[in-house]
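For reference, the structure discussed in these notes is given below.
The values are calculated or read from the model by the stated rules, or taken from the named source; none is laboratory data. Please read these numbers as outputs of a predicted model, since none were measured by experiment. Heads up, the Cβs are rebuilt from the backbone with ideal geometry, glycines too, and the neighbour counts pull from every protein chain shown. All accessible areas refer to the heavy atoms of the entire protein, side chains included, with ligands and DNA or RNA removed. Shrake-Rupley method; radii C 1.70, N 1.55, O 1.52, S 1.80 Å.
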Amino acid sequence: MRTQVAIIGGGPSGLLLSQLLHRKGIDSVVLERKTRGYVLSRIRAGILETGLVALMREAGVADRLDREGFVHDGTHIAFDGEMFGLSFTEHTGTPVVVYGQTELTRDLYDAREAAGGRIVFNVEDVVINDTDGDAPFVTYNVAGKSERLDCDYVAGCDGFHGVSRQTIPLDIRKEYEKVYPFGWLGVLSETPPVNDELIYSNSRRGFALCSMRNANLSRYYIQCSLSDHVEDWTDQAFWDELRRRLPADVADALVTGPSIEKSIAPLRSFVTEPMQWGRLFLCGDAAHIVPPTGAKGLNTAASDVHYLYHGLVDFYRDGDRTGLDGYSQKALARIWQAERFSWSMTNLLHRFPDQSTFDVKMQAADLAFLRDSPSAQRLLAQNYVGLPY
Ligand code: FAS
Ligand code: PHB
């Protein structure tokens, strides 16, 4: 088989890139390790920056997103039993959109399949070859048969546990990592959201987040120990702990119900440099991970796709390689800003096992300053809605 761009990974990065390229007449093949159903069963991000919304519109797959996405002009932050609002639009003129990654990925799958896009599911033993030459190719097994995909370029969109990053030689690759001493226990429930905007809460018992997917689908998280297992947490135990971490009036208003999904995600910050090697380009979680506190994971995958998409279009249309040659530098500049923001939000809102009483006082002072300072709120808002591409 032959294509112009081989895309490893059928998550949001790979599918969005494939659909954008298709709209410009550039052929791609997506190789996905799992099934469509498995990919869509994963509950992940919920907040879209307007840059990602614009990309979905450019890809021609934003109709449902524009219909069903919730435009949020701000968020709420709770600490020491009180809560204050922080307006994104007042400080930046820009909102965010609440629309689950699952639905975004579903829309992309539907669009690719409607366009006859080539997506190979259940691939195994993917090996990326000769990307440091002019004729890269990918080998893989599917349904017990060995296959080869010749291409011009390879986009590594296969997430943190994929093979693409490992294809870049260790003496070329430099990795930066910070692992946080806690995780997030997340619950999805068919209940009305407790608040019309998200609530990020720093309580003496730990972090909590109240989010949503639609008017009758809520997403809640509580910071949990890395030694916790999902089966340790009954629904009742989760709801009781969530209530303890929210201001009293919010806790009283919380509508609970059976969890339809419950999972624990570890938190880490991670970046690999460079994000390209010859004709291989890494996008999204294959190259970087952020703690979800700043809602940047999916949104930095989107800006990677934006840079790579434009680089490929410039090359195929005009033979101009500038965008491709500068991809890694351009993508990393924005990624490091998202890493910093996600790291700072995580430090501001979580209780760390080794925190001293003084450290807790510093967090409270930071939160009080954020409550009272328009310039501090503007700084957070600028980062939360997304820095320019
Ligand atoms: P993905 O990991 O989504 O997709 C990679 C795809 O590649 C997968 O479908 C995988 O099956 C496939 N693959 C892997 N290895 C392969 C191989 N060898 N061959 C072929 N295919 C292969 N972000 C937020 O903004 N907010 C959140 O709340 C949030 N919660 C998260 C919770 C969890 C548990 C995780 C893991 C991530 C979360 N994220 C969150 C981040 C998440 O949204 C990612 O940023 C987003 O999925 C990135 O998309 P992709 O880069 O496409 O990677
Ligand atoms: C979510 O709705 O899943 C969500 C929202 C905001 C975050 C993280 C996750 O910062």
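Hey, does segment 81-88 have a residue that's within 16 Å of ligand 2 (Cβ to nearest atom), over 30 Å from Arg317 (Cβ atoms) and either crowded, with 20+ Cβ neighbours inside 10 Å or hydroxyl-bearing (Ser, Thr, Tyr) (or both)? The answer is yes, given that some residue of segment 81-88 is within 16 Å of ligand 2 (Cβ to nearest atom), over 30 Å from Arg317 (Cβ atoms) and either crowded, with 20+ Cβ neighbours inside 10 Å or hydroxyl-bearing (Ser, Thr, Tyr) (or both).
Scanning segment 18-55 for residues that are closer than 29 Å to Ser218 by Cα and of a type in the set (A, V, I, L, M, F, W, C) gives Val39, Leu40, Ile43, Ala45, Ile47, Leu48, Leu52, Val53, Ala54, Leu55. Between Val127, Val98, Val61, Val120, the distinction of being farther than 28 Å from Ile222 by Cα and surrounded by 21 or more Cβ atoms within 10 Å (Cβ to Cβ) belongs to Val61 only.
Only a single criterion out of (1) open to solvent by less than 20 Å² (accessible area, probe 1.4 Å); (2) over 30 Å from Phe352 (Cα atoms); (3) in contact with a Leu (Cβ under 8 Å, 6 or more places away or on another chain) is not satisfied by Pro274, namely (1).
Checking Thr35, Thr89 one by one, the residue that is free of Cβ contacts under 8 Å to residues at least 60 places away in the same chain and of a type in the set (Val, Ile, Thr) is Thr89 and no other.
Report whether or not Arg268 is of a type in the set (Lys, Arg) and in a strand (DSSP E or B). Against the criterion (of a type in the set (Lys, Arg) and in a strand (DSSP E or B)), Arg268 qualifies.
Taken together, Gln355, Gln377, Gln337 contain a single residue that is of a type outside the set (D, E, K, R) and part of a loop (DSSP other than H, G, I, E, B), which is Gln355.
Being under 24 Å from Leu332 (Cα atoms) and either buried (at least 21 other Cβ atoms within 10 Å of the Cβ) or among the acidic types (Asp, Glu) (or both) is a property that Arg173 lacks.
Residues in segment 246-260 that are open to solvent by less than 30 Å² (accessible area, probe 1.4 Å) and in contact with a Gly (Cβ under 8 Å, 6 or more places away or on another chain): Pro247 alone. Annotation for segment 121-142: at least one member residue is away from ligand 1 (no atom under 12 Å from the Cβ), closer than 30 Å to Glu273 by Cβ and among the hydrophobic types (A, V, I, L, M, F, W, C). For segment 45-58, taking the residues that are away from ligand 2 (no atom under 16 Å from the Cβ) and open to solvent by less than 10 Å² (accessible area, probe 1.4 Å), the one that is nearest to Thr102 (Cα to Cα) is identified as Met56. The set of residues in segment 204-245 that are surrounded by fewer than 20 Cβ atoms within 10 Å (Cβ to Cβ) and small (Gly, Ala, Ser) comprises Gly206, Ala215, Ser225, Ser227, Ala237. Remark: pairs (first residue in segment 281-294, within 12 Å of Ile7 (Cβ to Cβ) and of a type in the set (Gly, Ala, Ser); second residue within 16 Å of ligand 2 (Cβ to nearest atom) and part of a loop (DSSP other than H, G, I, E, B); Cβ separation under 8 Å; 6+ apart in sequence or on different chains) = Gly284/Gly11. Of the strands (runs of 3 or more DSSP E) entirely within segment 151-220, those holding at least 2 residues that are over 16 Å from Arg243 (Cβ atoms) and in contact (Cβ under 8 Å) with a residue 12 or more places away in the chain occupy 153-156, 174-189, 206-214. For segment 303-340, filtered to residues that are in contact with a Gly (Cβ under 8 Å, 6 or more places away or on another chain) and farther than 20 Å from Gly278 by Cβ, the residue that is most open to solvent (accessible area, probe 1.4 Å) is His306. Identify the residue in segment 1-16 that is in a strand (DSSP E or B) and touching a Ser or Thr at 6+ places or on another chain (Cβ under 9 Å) and, among all such residues, is nearest to ligand 1 (Cβ to nearest atom). For segment 1-16, the residue satisfying everything is Ile8.
The set of residues in segment 17-44 that are near ligand 1 (Cβ under 10 Å from one of its atoms), crowded, with 20+ Cβ neighbours inside 10 Å and either β-branched (Val, Ile, Thr) or more than 27 Å from Asp150 (Cα to Cα) (or both) comprises Val30, Val39.
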